[in-house]
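Remarks on the structure that follows.
The values are calculated or read from the model by the stated rules, or taken from the named source; none is laboratory data. Since we're looking at a predicted model, the values are computed, not measured. FYI the Cβ positions are ideal-geometry reconstructions off the backbone, even for glycines, and counts take in every protein chain you see. These area figures cover heavy atoms from the full protein model, side chains too; ligands, DNA and RNA do not enter into them. Shrake-Rupley method; radii C 1.70, N 1.55, O 1.52, S 1.80 Å.
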Amino acid sequence: MRPPTPQVGNVENPIVQQPVAQLTLEYPALLEDLKTRIRQAQIRAAVAVNRELVLLYWEIGKRILDSQGREGWGAKVIDRLASDLRKAFPEMTGFSRRNLQGMRAFAEQFPDAQFVQQPVAQIPWGHILQILQRIKEPAERDFYVRQTIAHGWSRAILVHQIESGLHRRQGQALTNFDRVLSPAQSDLVRETLKDPYIFDFLSLGDEVRERDVERVLVAHVRNFLLELGAGFALVGTQVPLEVDGQTFYIDLLFYHLHLRCYVVVDLKVGEFQPEHAGKMSFYLGAVDNQLRHPDDQPTVGLILCKTKSRLVAEYTLQGLSKPIGVAGYRTMPAHLRGTLPSPAQIEAGLGSVEA
């Protein structure tokens, strides 16, 4: 008996799903590419929504501000406005009395519509409120808006940078960069360094050794890198350099991703001395010869001292051909040290995490 002839026409053949093992080798790459595109689209959508929301809040604040100036509104009108807007748009949050006052302050303290449409609209509303509440000077507000955009700060990091007075410390380290680096590189590196650096997360006594400071800084590496600023990547601690049969050790070695150069950090628990710069100059020469890639910029040195004489530092740096900066650092005041864990406690905590 002959087998039945397969039917053709409107009868659909069933779709058989291929086992994963039979998928093409390009499938994983395809999947990752699509996931990346989806995430990027989500980010663009979120940025667009945030921009429209910030611009709306500024326009609402400006209308309130203009109406108050023209008609002499009091605080009760804002209360009524908040109530009516919440009734009209029950699905929307953000129309509380406090938030409407924030919108009014936003329009008052950022009167330039062009500035709002460009940089300010790129940061979240919660960041804007922190800047409005904590900073009074227009130039300082502009500084933190631009820094937030440049470095992608979270709200907590923004508050930390404001409280630590970053605008007063940025680019303030004593350096010789203008003499030994190209103008473009000199400006970039100078703006990267601060003075003083604030290491309030340390709980060290007054009588400490440089290795103690280094050890606790590394234990708090996240806070340390945050204080150094964006772009610093830790290469190692006590990095050995072999020169003519002798071994020398660098306290802390970083690579700066934006400057495209190594950064040597030498820690000093006392006052800056001229011989510190000579030692640093040797380290920079060794790193340039042994570690620096031909495409890298010249290695930069940063001497961190507990205290320094500005005049002594200036005289010392004048005679050097290597790019070196000198900055102070501040640690936790003595009366607060007992409230934080000791280095031994930190090490014990790190050991339990590793276990």
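Sorting S182, S309 by accessible area puts them as S182, S309; the probe is 1.4 Å, largest comes first, and only protein heavy atoms count.
Using a 1.4 angstrom probe on heavy atoms only, work out the carbon and sulfur share of the accessible area of segment 267-325 in %. On segment 267-325, the fraction of accessible area on carbon and sulfur atoms equals 49 percent.
Spacing of the modelled spin labels on L257 and F115, each 7 Å from Cα toward Cβ, amounts to 3.0 nm.
Leaving out ligands and nucleic acids, and using a 1.4 Å probe, what accessible area per residue does segment 251-318 come to in Å²? Don't skip to the answer; put the middle values down first.
Working: 2990 Å² over 68 residues.
In whole numbers, segment 251-318 has 44 Å² accessible per residue.
In the context of the full set of protein chains, residues of segment 106-163 present 49 Å² of accessible surface per residue (probe radius 1.4 Å, heavy atoms only). Seen through its C-alpha gyration tensor, with square-root eigenvalues sorted a ≥ b ≥ c, segment 48-108 comes out oblate because a/c lies at 1.5 or above while a/b is not bigger than b/c.
Computing the accessible area with a 1.4 Å probe over protein heavy atoms, can you report the carbon and sulfur percentage for segment 28-80?
61
Given K268/K322; K279/K308; K136/K306; K62/K136, which pairs have Cα atoms separated by over 26 Å? Table pairs above 26 Å Cα-Cα are K136/K306. Ordered from largest to smallest accessible area (heavy atoms of protein chains, 1.4 Å probe), the residues T93, T175, T307 come out as T93, T307, T175.
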